[in-house]
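Undergrad: Pasting a structure below so you can have a look.
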Amino acid sequence: MNVTVTQQWNGRDVKILGKMAVGKSAFEIGLIVESNAKMLCPIDLGRLAGSITTQSSENGSGPRSPATFSDVIQKPRDPDEVFVGTAIDYGPYQEFGTIRMNAQPFLRPALDLARGRALTIVKKEGRYVFKEYLK
């Protein structure tokens, strides 16, 4: 009795799918940080909250009213990075405070809130992307 087992090397495909899963997961986590930061930032006229955006090398959430195009943060060069923040000049002063003003952090606490969901998001994306290999 002869048994022939044929296996196909899918290393290149798996690597591409892995990068896709990481990129989607990172961007989704960035959107959660963005959402949390908008809820946590101090509101006067709403420009700061409206200017908080998420950018990756391939995706990006554009500014929403009342922000302007100049309020958009730069995109990262590294495809594995995601930036969340604001290009408003007074954003760092709100986040870290000044000699005359207490800090009102909104980005760092937003990141702390998102950390609890990060592993769940990565697992979900991984299962979705690699579903044919997990049979």
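Undergrad: Which of the following residues is under 14 Å from Asn36 (Cβ atoms), of a type in the set (Gly, Ala, Ser) and modelled with pLDDT under 90: Gly116, Gly85, Gly126?
TA: Gly116
Undergrad: What number of residues within segment 78-102 satisfy the criterion of being under 12 Å from the mean Cα position of the chain (by Cα), surrounded by fewer than 19 Cβ atoms within 10 Å (Cβ to Cβ) and closer than 20 Å to Ala49 by Cβ?
TA: 1
Undergrad: Now for a different question. Which residue pairs have Cβ atoms closer than 8 Å, lie 6 or more positions apart in sequence or on different chains, and pair a first residue in segment 19-44 that is within 15 Å of Tyr128 (Cα to Cα) with a second residue that is small (Gly, Ala, Ser) and part of a helix (DSSP H, G or I)?
TA: From residues that are within 15 Å of Tyr128 (Cα to Cα), the pairs are Ala21/Gly126; Ser25/Ala118; Ser25/Gly126.
Undergrad: Can you find a residue that is at negative phi, at pLDDT below 85 and more than 22 Å from the chain's Cα centre (by Cα) anywhere in segment 17-34?
TA: Checked segment 17-34: no residue is at negative phi, at pLDDT below 85 and more than 22 Å from the chain's Cα centre (by Cα).
Undergrad: I would also like to ask the following. Do any residues in segment 110-124 that are in a helix (DSSP H, G or I) have Cβ atoms under 7 Å from those of residues that are small (Gly, Ala, Ser) and surrounded by 14 or more Cβ atoms within 10 Å (Cβ to Cβ), where the two are at least six apart or on different chains, and which pairs are they?
TA: Partner pairs satisfying both residue conditions: Ala110/Ala37; Ile121/Ser25; Val122/Ser25.
Undergrad: Continuing with the same structure: Would you mind telling me which numbered condition in (1) hydrophobic (A, V, I, L, M, F, W, C); (2) modelled with pLDDT of 90 or more; (3) closer than 17 Å to Ala26 by Cβ Ile99 fails?
TA: The failed condition is (3).
The values are calculated or read from the model by the stated rules, or taken from the named source; none is laboratory data. Not measured: the values here are computed from a predicted model. When we count neighbours, we look across all protein chains shown, and the Cβ atoms used for this are built from the backbone with ideal geometry, even at glycine.
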